[in-house]
1. Given a cut-off of under 8 Å on Cα pairs at least six residues apart, what relative contact order in percent is computed for the stretch 131-238?
2. Listing 229, 87 from the residue with the fewest other Cβ atoms within 10 Å to the one with the most, what is the order?
3. Where does each of 83, 146, 228 land when they are ranked from fewest to most other beta-carbon atoms within 10 angstrom?
4. Taking square-rooted eigenvalues a ≥ b ≥ c of the alpha carbon gyration tensor, is the stretch 79-151 rounded, prolate or oblate, where a/c under 1.5 means rounded and, failing that, a/b exceeding b/c means prolate?
5. Relative contact order for the stretch 62-205: what is it in percent, counting Cα pairs under 8 Å that are at least 6 residues apart?
6. At 0.36 nm per residue, minus the direct Cα-Cα distance, what do residue 137 and residue 71 gain on full extension? Give it in nm, one decimal, please.
7. Just to confirm my numbers, what's the Cα centroid distance between the stretch 123-163 and the stretch 74-113 in Å?
8. Based on other C-beta atoms within 10 Å, arrange 225, 153 from fewest to most.
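Every number in this text was worked out from the coordinates using simple rules, so none of it is lab data. None of these values were measured; they are calculated from a predicted model. Every residue, glycine among them, receives a Cβ derived from its backbone with ideal geometry; neighbour counts consider all protein chains shown.
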């Protein structure tokens with residue numbers, strides 16, 4: 001009688017075949033959970049005796065210099081793409097703020113602009129924007145509603161395309177991970193193959209994260225404009 005032994009983590013696995021493909025799917029599912037669930041930090045016993053709150057003893061509260069530069073660069077790229085693809089949404093919001101807010105001004109009296117070229121608005125001592133929404137006339141509200149609703153289809157399509165690209169990039173990452181995991185290179189443990197899959201697909205994974213960030217923000221712009229339009233309608237009907 002022949003007994004089939006299922007490989008456990010740490011055991012050698014054979015090259016290729018459906019067995020390694022199934023293992024690739026399982027390890028990929030675990031990798032997919034990263035970012036969706038809180039990260040649990042394993043604190044060594046000696047550290048737990050040094051602090052009453054060991055979970056905070058090694059916690060970083062800000063990006064390191066090198067990582068911050070990368071994150072800031074990604075944000076700037078996403079900002080530029082959103083400004084390009086949803087330019088009219090930004091224009092409409094600027095039009096609203098021009099009517100109800102006060103701009104910061106230079107010593108020469110010119111409005112201060114941010115890195116995207118938009119006006120920087122004054123804030124009070126508590127950090128809140130100085131606004132007067134009673135300055136919006138009925139005609140202003142009607143024009144804003146028409147401007148938003150006439151462009152909503154275009155924005156929703158753009159947000160849908162962004163979501164589609166995010167899904168495609170995720171699929172490319174998963175495929176690359178599986179290919180690296182199943183690559184026939186001698187006898188390796190499941191952990192070895194998992195590490196090879198992660199390293200071999202890291203470029204595709206970061207690209208998928210980038211596309212997901214853009215998609216999330218594109219969807220947020222569309223929803224924000226829809227809520228603004230609905231709120232203006234409610235005010236007119238009140």
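1. Answer for the stretch 131-238 is 44 percent.
2. 87, 229
3. Fewest-to-most ranking of 83, 146, 228: 146, 83, 228.
4. Because a/c hits 1.5 or more and a/b fails to exceed b/c, the stretch 79-151 counts as oblate.
5. Numbers: 85 pairs, mean separation 22.5, N = 144.
The value is 16 percent.
6. Extending this stretch completely gives an extra 19.6 nm.
7. Each part's Cα centre sits 12 Å from the other's.
8. Taking fewest neighbouring Cβ atoms as first place, the list is 153, 225.
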